[in-house]
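Taking it in order: structure first as C-alpha cells, then the write-up.
The values are calculated or read from the model by the stated rules, or taken from the named source; none is laboratory data. These numbers were taken from a predicted model, which means no experiment stands behind them. Using ideal geometry, Cβ is built from the backbone for each residue, glycine included, and neighbour counts are taken over all protein chains shown.
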Amino acid sequence: MALRCLLKSPTTSSYISKICGFRMHGTKAVASVVEEHVSAMLRSEREDGEYADVDWDNLGFSLITCSPQEVVKKETSNKVALAGLIEGMKAYRGEDGRVLMFRPELNAMRMKNGAERMCMHSPSVQQFMEGAKQTVLANKRWVPPPGKGSLYLRPLLFGSGASLGVSAASEYTFVVFGSPVQNYFKEGTAALNLYVEEVVPRAYIGGTGAVKSISNYGPVLDAMRRAKARGFSDVLYLDAETKKNIEEVSAANIFLVKGNTIVTPATNGTILRGIIRESVIEIALDLGYKVEERVVPVEEIKEAEEVFCTGTAAGIASVGSITFQNTRTEYKVGDGLVTQQLRSILVGIQTASASDVAITCRKQRLSKMIKAISCLRKRLVLPLHTHIRTLQTFSKYNAQAALALREERKKPLYQDEEYADVDWDNLGFGLTPADYMYVMKCSKDGKFSEGELSRFGNIQLSPSAGAIYEGTKAYRKENGKLLLFRPDHNAVRMQLGAERMLMPSPSVDQFVDAVKHTAFANKRWVPPSGKGSLYIRPLLMGSGPILGLGPAPEYTFIVYASPVGNYFKEGIAALNLYVEEEYVRAAPGGAGGVKSITNYAPVLKALSRAKSRGFSDVLYLDSVKKKYLEEASSCNVFVVKGRTISTPATNGTILEGITRKSVMEIASDQGYEVVEKAVHVDEVMDADEVFCTGTAVGVAPVGTITYQDKRVEYETGDESVCQKLRSVLVGIQTGSIEDTKGWVTCIN
C-alpha cells in the first residue's frame, strides 16, 4: 500500500512514515505501515504563497528549515539504543551490596579519541565519568545480585543537530543508559565456535576500525547473520589488505595461547583497543606469561592450544573451535586452563570477590588496578562513604582490598526497593531498560552543557542526523510545474543498501510516493527556475531498542526537504582537489557502495584537513594498493582524455551515483567512448579534463588536482566536455530540453 501521509513540523518539512515491527524472514520483511491523510486545511495553507521568504539569489547548500505552516509535526524521536559513537561498561554488585565499576576512565578516553577521529565534539573525562556515576546511582536497584550478572551501561555520542551536506553536525548529544545483563553469547559460559570470514572485512588501514562506532558494526551484520545461520557463534575477521592475518571477532578481541605464550593482534588502527583486552594483558604479565601483540597469521589458529575472546559484553569467553576454509580446529576448554585462570582473576577484581584467587603480582600494576576500582567506589556506593581508610599496597588481590573503604548509611535517593522486579536467574543480553538515563548536549562551540538524569525513554534529534539515506531534487520549470529526476533509482539504491546493512526498506512505490508528497507539500520552497532546487532527503534508520550487535526491531523512514543552491562554495567555478594517501573511504568487502552515514563520517577528518589547506574536496584512492582512484567525499569522478571518458568501476567500494549513470548515458549519446575501469592515479595526472558528478554537486568541473606535492591543471570553460554534458543534464532536469528517456517525473 502506498504511503499517504503529510506531516506538519515547526522545525523542518518532514514526511515521516513509521515502519513498525519488522520481522526478517530470509530476505523478506513483513511490515505494518502507518498511514495518514492530508487535511483540506493543510492543502489550502500550503498553496497560499507561491514562494517562501528566501533569498533565492544567495542560496547555498545548507539546511534551511521550512515554515511552521508547512507540515504537521510527528515526533522524530528515537529509542536511545540508536548510536553514533558508543561505549560499553559494567557495574557490579559486591557481596556486601556495594556497587563497583571497572576502569570507566578508559572508556572516557577511548570515546574522546574516537570523537577526535570522527570530527565530533565529546565530553571531557570528568563529564563522562560523572554521567556514568549518576546513571549507576540512579539505577542501583537494577544492578543484579552478586553472581547473577551486571548492569550494562551504554554511553553513546551522536550528532543530533541538522546537517545536509558532508559535514559535522551542528549539535551533539551524550547519553548514558543502563540495562541488567548476563551472558552476551547464547552459549552462556560454554565454549564458542567461530567461523573465519574471508569475503567481508571488518575494517581497513586508514579507516576507523579502532573507533567504537556504529560505522564498524553495521557492515558486519550480514556476515554474522550468515555465520549464525550455519550454527556458528560469531565471525573472526581477517585483515582487509592481505586477508591472511586475523583481526578480531564481531564484538570482541581475540587471544591465542600456546605454552606460556599468549598472542593477540596488535592494535594498528584497524582493531579496537578493548579495555578488557588491556586488563587481561596486564593480568597475564603479572602471572608470568609472555604476551605478544603483533601481526597474527591465520595459520597460527591451527597451532594454538587455547583460544579466547575478550570484551566488556563478552567478558573472557572460551573458544572451542574455529573453522577456516572448511577445516575445523578444536581447542582445550575447561577448568585449570589459562582462559579460566584469567577469567577468575578478572571477575574477582570486577566484583571485589578475589579472596579465593592466589596471585602474585607486580605492586605497581596492582596499585593501579585497585585504584581504578576504589577511587570510583567513593561516588558509586549507595549509601555514600564518609570515612575512608588509606589503601595499602598488597601483594595479592583479595577481599580485604575490596572492604578497605568504611561508610555511613544514607537513605536511598531514587528507589526504596533493593532490587528491581527482574528474573535474575534467567537474565540474557537483551535490553531491559533501567529507570534512569543521563543526557547532556553540545553545540558548535564544543562545550557540553551540564548533564541531568531523566527517565529512560525516547530522545529527540533532527531528521537530518543521518542513517541510510538518499538525495534527490525537485526542480521548477519556467511554467511553474515541478519535476523530479529519476526518484525510482534512488528507491532501488536504498533497497540495495538496506539489504547490505540487514535493514528492511520501503518498496519503490512507497519511496517514490513519499518523495512526491513531500515535494508537493513544500512547493513554495522550490526555488524559481535557474535559482536552485529543492533538495529532498529520504532516510531510513533503526529506531527500535537493541543493546547487543544485531538488527533493530523497528525502523523509521523519513523524507524532508530544504531549498539549495550550489554544493561547493566555489559555486560553478572549477574545484581544486587533493589526493588523500593516509585515510581511505572504503575497502573491498565493506559497505562503500551503500549511501550510509558509515561511509561519510569517517571521511570528515581528511575533508576537514584538506579544506584547511585551501582545497575544495578530497579524492580518495583504493584501500589496497592506494594507486587507483575511487571517488571524492560526496561525488563520483570522471577523467577525460581525447574522446574517451573514464570513471572508476563500481565494484562495491564506490557509490553507484544516479547522476553518474545519467552522465554516462548522455556522453555515449554524444559519441564519446565511456569506460568503467580501474583508473590509475597517473592517468588523472595526464588527463585533459576531470569532473565530478552527484545529486548535490551536479556536474562540477575540476580545475586542479594535487598529488604528492605535484599540482596539475585541467581544461575548463564553456567548450569543455564537462560543460557540454552539464548543459544537457540540467536541461533535462529542469524541463528546458525534451526528456526522451523517461527520466523526469512531473508531480503537479
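Filter segment 192-218 down to residues that are out of contact with any Asp or Glu (no Cβ under 9 Å at 6 or more places or on another chain) and of a type in the set (A, V, I, L, M, F, W, C) and give me whichever is surrounded by the fewest Cβ atoms within 10 Å (Cβ to Cβ). Checked segment 192-218; the qualifying residue surrounded by the fewest Cβ atoms within 10 Å (Cβ to Cβ) is Val199. Among the residues of segment 557-602, those that are within 22 Å of Met503 (Cβ to Cβ), touching a strand residue (DSSP E or B) at 6+ places or on another chain (Cβ under 9 Å) and modelled with pLDDT of 85 or more comprise Phe557, Ile558, Val559, Tyr560, Arg585, Ala586, Gly592, Val594, Lys595, Ser596. Elements of the type strands (runs of 3 or more DSSP E) sitting completely within segment 418-510 and holding at least 1 residues that are modelled with pLDDT of 80 or more: these cover 452-455, 472-476, 482-485.
Number of residues in segment 697-716 that are over 36 Å from the mean Cα position of the chain (by Cα) and either within 18 Å of Tyr672 (Cβ to Cβ) or in contact (Cβ under 8 Å) with a residue 24 or more places away in the chain (or both) equals 3. Considering only residues in segment 147-180 that are surrounded by fewer than 19 Cβ atoms within 10 Å (Cβ to Cβ) and among the hydroxyl-bearing types (Ser, Thr, Tyr), the one that is modelled with the highest pLDDT turns out to be Ser170. Scanning segment 289-327 for residues that are buried (at least 19 other Cβ atoms within 10 Å of the Cβ), in a strand (DSSP E or B) and among the hydroxyl-bearing types (Ser, Thr, Tyr) yields Thr310, Ser318.
Listed here are the residues, each with its yes/no results for (1) in a loop (DSSP other than H, G, I, E, B); (2) in contact (Cβ under 8 Å) with a residue 60 or more places away in the chain; (3) within 15 Å of the chain's Cα centre (by Cα).
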| residue | (1), (2), (3) |
| --- | --- |
| Arg537 | no, yes, no |
| Met541 | no, yes, yes |
| Gly550 | yes, yes, yes |
| Tyr567 | yes, yes, no |
| Ala586 | yes, yes, yes |
| Gly590 | yes, yes, yes |
| Ser608 | no, yes, no |
| Tyr620 | no, no, no |
| Lys625 | yes, no, no |
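For segment 676-696, the criterion of being without any contact (Cβ under 8 Å) to a residue 24 or more places away in the chain, over 30 Å from the mean Cα position of the chain (by Cα) and either surrounded by 22 or more Cβ atoms within 10 Å (Cβ to Cβ) or assigned to a loop (DSSP other than H, G, I, E, B) (or both) is met by none of the residues. Any residue at all in segment 336-352 that's at positive phi and in contact (Cβ under 8 Å) with a residue 40 or more places away in the chain? Yes, there is a match, as at least one residue in segment 336-352 is at positive phi and in contact (Cβ under 8 Å) with a residue 40 or more places away in the chain. Hey, among the residues in segment 631-650 that are of a type in the set (Gly, Ala, Ser) and in a strand (DSSP E or B), which one's farthest from the chain's Cα centre (by Cα)? Checking each candidate, the answer is Ser646. From the residues in segment 112-124 that are of a type in the set (A, V, I, L, M, F, W, C) and either at pLDDT 95 or above or part of a loop (DSSP other than H, G, I, E, B) (or both), which one is surrounded by the fewest Cβ atoms within 10 Å (Cβ to Cβ)? Among those that are of a type in the set (A, V, I, L, M, F, W, C) and either at pLDDT 95 or above or part of a loop (DSSP other than H, G, I, E, B) (or both), it is Cys119.
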